[in-house]
Amino acid sequence: MRLPDVNVKLLPIKAHFFLMNGGTTPLTPYLTTIAKQRGYSARLVGAVFSVLPLTAVLARPIFGAVADHYRCQKTMFLSFIVVITLITTSYKFIPDQPVDVSNERDETALTTHQFWLFCFFLVARYVSNSVVTTLSETICLQNLGKDTHKFGQQRLWGCIGWGSVSMMMGWLIDWYSSGSMVKDYTPGIIVSVVFLLADLLVAFKIEDCQSDVVSKHIFKDLKKVFKDNKVVCFLVWVVFFGIFYGSISLYLLWHMEELVTKYHPEKYSSIKTIQGTLIAVKCFGGEAPFFFLSGKIIKKVGHLNSIVIGLATLSLRFFLYYIIKDPVWVVPVEILSGLGFALPYTAMTAYGSMLAPEGLKSTVQGLFSTFFQGVGVSLGSLITGYLFNELGSSYTYLVLSILALVVCCIQTLTIRIMAKTTKLQDNSNVNTEA
């Protein structure tokens, strides 16, 4: 029996994705519910989490440009892993909110140092994590060379790390909290720090394949990139995907807690276990298989059509969130995250790398991440937080389902127009050459 060929150079990258995602999952999925537990309203939380991605608007392209110009992306990469570890540890020292903040008391929360310490923790963690994500994906694509379609096969290990830890994390938090309505996240902090320290050791082994080509006129070259209609359309789609992704990653667990409170209060003592199971199903049942298969699918249907598939799937997911009343039944819906996130995210990452000229890989990848997280997720948080407050969580997902379907139809039409335009240009060039 012939064993499959293993690219040894890529093993440290796979291990990094596994450990980094395993190190962030104990807290990241629960940040909005932690804010909710501290007494902040959906509107206030939406405002805070809409500001967080905006910090990445500056951080990602700036650090990406510095990494490109000074050719120091690995040093920067390792440094920010250390920063994330220290910030995660610091959460234990943030005091609890002294008052029960509600919609009528948002102004009271804004006057407390506890609220601002919590906000500083969120900002510092978000910026550090966004820089590491951008640089790790850039380094991964550089190591892959021309095989960018294999990015998903590397990224799936992050999904496995996320799912493996989340499988036990929800139960561990419920167990440590002893059935209390107030959850204690100490186990999450400990597990997170252990994984991040292990990741730091592994990251030293990753080969630095940063290009020797350095762009001498970064802004001039970027201006040329933005003149390409393909780039502009691509970034618009990235923003919408960020909006939809933010409404799920930041608010789905909140929605589940709303369902428990309204329809199944007897299940609240085990809500973190249910949420942990949901994350595990999302990773292993949805994302991991499609991160693995994404390369073949993208080669078959193309990058842009893969994004269309993702939008159609998101519309279906949102509609299912709207009609389901029992949080337990939200769990199997997450199998759709493979088509709704893993496939389109891989397609967008690889497509962004293809559009980037040499010497600007980290910069353009930083811009892609900025439009996805900094603009899209920011808007998603603000819009979803507002709609949760005004319409309730279920009706919010109905609105998002309709919006995703509309965007899907518009993108399909745009792709066809772009294809016809490209054919006309090609024919014109042939006639000119003749």
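Values as computed for the structure displayed
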read-out	value
Subset of region 153-169 that is closer than 24 Å to residue 12 by Cα and open to solvent by 50 Å² or more (accessible area, probe 1.4 Å) - its residue that is modelled with the highest pLDDT	157
Of all residues in region 174-188 being of a type in the set (Ser, Thr, Tyr) and in a helix (DSSP H, G or I), the one that is surrounded by the fewest Cβ atoms within 10 Å (Cβ to Cβ)	186
Count of region 258-300 residues which are of a type in the set (Asp, Glu) and modelled with pLDDT of 90 or more	1
Test set (1) surrounded by fewer than 20 Cβ atoms within 10 Å (Cβ to Cβ); (2) of a type in the set (Asp, Glu); (3) over 28 Å from residue 291 (Cα atoms) - residue 147 fails condition number	(3)
Residues satisfying the stated conditions in region 1-16, i.e. open to solvent by 10 Å² or more (accessible area, probe 1.4 Å) and at pLDDT 85 or above	11, 12, 14, 15
Residue among 335, 324, 309 that alone is without any contact (Cβ under 8 Å) to a residue 40 or more places away in the chain and either over 21 Å from the mean Cα position of the chain (by Cα) or open to solvent by 50 Å² or more (accessible area, probe 1.4 Å) (or both)	309
Tally, over region 384-417, of residues that are open to solvent by less than 80 Å² (accessible area, probe 1.4 Å), touching a helix residue (DSSP H, G or I) at 6+ places or on another chain (Cβ under 7 Å) and not polar (S, T, N, Q)	11
Long-range neighbours under 7 Å by Cβ, at least six apart or interchain, first residue under 9 Å from residue 173 (Cβ atoms) within region 266-277, second surrounded by fewer than 23 Cβ atoms within 10 Å (Cβ to Cβ)	272/173; 272/174; 272/183; 273/171; 273/174; 276/167; 276/171
When residues of region 170-188 are limited to those that are among the charged types (D, E, K, R) and touching a residue at least 24 places away in the same chain (Cβ under 8 Å), the one nearest to residue 14 (Cα to Cα)	174
Residue within region 355-370 that is open to solvent by 70 Å² or more (accessible area, probe 1.4 Å), under 30 Å from residue 131 (Cα atoms) and either assigned to a helix (DSSP H, G or I) or modelled with pLDDT of 85 or more (or both) present	no
Members of region 104-142 found to be more than 17 Å from residue 367 (Cβ to Cβ) and hydroxyl-bearing (Ser, Thr, Tyr), listed by number	108, 111, 112, 126, 128
Residue check for residue 291: touching a residue at least 60 places away in the same chain (Cβ under 8 Å), aromatic (Phe, Trp, Tyr) and buried (at least 21 other Cβ atoms within 10 Å of the Cβ)	yes
Filter result for residue 191 (in a helix (DSSP H, G or I), in contact (Cβ under 8 Å) with a residue 12 or more places away in the chain, more than 19 Å from the chain's Cα centre (by Cα) and surrounded by 18 or more Cβ atoms within 10 Å (Cβ to Cβ))	yes
Unique residue being closer than 18 Å to residue 62 by Cα, modelled with pLDDT of 85 or more and of a type outside the set (Lys, Arg) when the list is 215, 136, 130	136
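Residue-by-condition table, conditions (1) within 13 Å of the chain's Cα centre (by Cα); (2) under 27 Å from residue 275 (Cβ atoms); (3) part of a helix (DSSP H, G or I):
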site	(1), (2), (3)
115	no, yes, yes
129	yes, yes, yes
133	yes, yes, yes
136	no, yes, yes
150	no, no, yes
153	no, no, yes
161	no, yes, yes
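The values are calculated or read from the model by the stated rules, or taken from the named source; none is laboratory data. Everything quoted here is computed from the prediction, not taken from an experiment. Cβ atoms come from the backbone with ideal geometry, glycine included; neighbour counts cover every protein chain shown. These area figures cover heavy atoms from the full protein model, side chains too; ligands, DNA and RNA do not enter into them. Shrake-Rupley method; radii C 1.70, N 1.55, O 1.52, S 1.80 Å.
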